[in-house]
Amino acid sequence: MNTDMKRYNGSCHCGNVKFSFEHEEIKSGLRCNCSICIRKGALMTSFVIPPEDLTITLKEENSLGLYEFDSKIAHYYFCKKCGIYTFNQTSRFIDQYRVNLGCVDGIDSLVLEAEVFDGKAL
Ligand SMILES: [Zn+2]
């Protein structure tokens, strides 16, 4: 294991949806101005996580809601109980995840530097 890697744990508000991944220390995030991201307003990971590297744990089966639109390439997941948007699978990097940094333990998503992706232009 690369020693610079940290284990990050996250969850929705009620704890029905939990997730975990490894990455170097997170110092910045990504915002996007596309029609859905601008409404959610979440700061997401600037990197994507391959499906095999994101561990998703559901307290109850069917805890995870899925929202899709248009091409349905991107998948937006949320907890069906508390409504919190936990992660998505992107349209730019098919099947790869970005997670909502506001859900990650030990991260203050309000103070991280944020890159803005011009998703509106796509
Ligand atoms: Zn929840």
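Here residue 86 meets the list (1) touching a residue at least 12 places away in the same chain (Cβ under 8 Å); (2) away from the ligand (no atom under 16 Å from the Cβ); (3) not basic (Lys, Arg) almost entirely, failing just condition (2). Exactly one residue among 48, 99 is of a type in the set (A, V, I, L, M, F, W, C) and within 16 Å of the ligand (Cβ to nearest atom), and that residue is 99.
Taking the criterion of being away from the ligand (no atom under 16 Å from the Cβ), outside any loop (DSSP other than H, G, I, E, B) and either more than 12 Å from the chain's Cα centre (by Cα) or of a type in the set (Ser, Thr, Tyr) (or both), would at least one residue in region 55-76 satisfy it? Scanning region 55-76, I find at least one residue that is away from the ligand (no atom under 16 Å from the Cβ), outside any loop (DSSP other than H, G, I, E, B) and either more than 12 Å from the chain's Cα centre (by Cα) or of a type in the set (Ser, Thr, Tyr) (or both), so the answer is yes. Scanning region 1-33 for residues that are of a type in the set (A, V, I, L, M, F, W, C) and more than 16 Å from the ligand (Cβ to nearest atom) yields a total of 6.
Inspect all residues belonging to region 86-105 and state whether any of them is loosely packed, with under 15 Cβ neighbours inside 10 Å and among the small types (Gly, Ala, Ser). No, the conditions are met nowhere in region 86-105.
Taking the criterion of being among the small types (Gly, Ala, Ser) and assigned to a strand (DSSP E or B), the only residue of region 77-122 that qualifies is 114.
Every number in this text was worked out from the coordinates using simple rules, so none of it is lab data. As the structure is a prediction and not an experimental result, all values here were calculated from the model. Neighbour counts run over all protein chains shown; Cβ positions are idealised from the backbone, glycine included.
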